[in-house]
Amino acid sequence: MDDYSYLPQQSEKHFKAHNKNDLDFIELNLLLFCLICFPIEKQSSRQFQDFWNWFLNKHLAEIYTAYITYYFDQAYFEDDFEEKNNSINQLLYSAIFEQQPPDFEYLNHQIHI
């Protein structure tokens, strides 16, 4: 299981850097779940909305960004198993959960895109 104890401190530093417009810090410390860094710029597909509703309810995910929708689309349209798996992993590592999730290998096996 991954350790998420660093996220509150890292998130606080990241969002303070946004307030100060410290682009150097932000660039070196991107948070994949930051809506400022990865705003949602287009309407999500019906397939993504169905996936997100399932993921939100089943695994207590909290928010999604353009980064997550990008990797969902990559996985959805990918035929190669390894590439699809890589995209799903990227998606998982960019999600924020209400509570610490089970390990990502378990989650990866739960997702059928």
Problem set entry | Sequence-distant aspartates and glutamates (8 or more away, or on other chains) whose Cα lies within less than 13 Å of Lys58 | Asp50, Glu98
Problem set entry | Accessible area of Lys13 in the full protein assembly, 1.4 Å probe (Å², nearest 10) | 120 Å²
Exercise. Which distance in nm do the two modelled labels at Asn86 and Lys16 give, with both placed 7 Å along the Cα-to-Cβ direction?
Worked result: 3.6 nm
Exercise. With a sphere of radius 14 Å drawn around the Cβ of Phe55, what net charge do the other residues whose Cβ falls strictly inside it have (Lys, Arg +1; Asp, Glu -1)?
Worked result: -2
Exercise. Computed FRET efficiency, Cβ-Cβ of His112 and Leu28, R0 41 Å: what is it to the nearest 0.05?
Worked result: 0.70
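The values are calculated or read from the model by the stated rules, or taken from the named source; none is laboratory data. On a predicted model such as this, the values are computed, not experimentally measured, just so you know. When we count neighbours, we look across all protein chains shown, and the Cβ atoms used for this are built from the backbone with ideal geometry, even at glycine. These area figures cover heavy atoms from the full protein model, side chains too; ligands, DNA and RNA do not enter into them. Shrake-Rupley method; radii C 1.70, N 1.55, O 1.52, S 1.80 Å.
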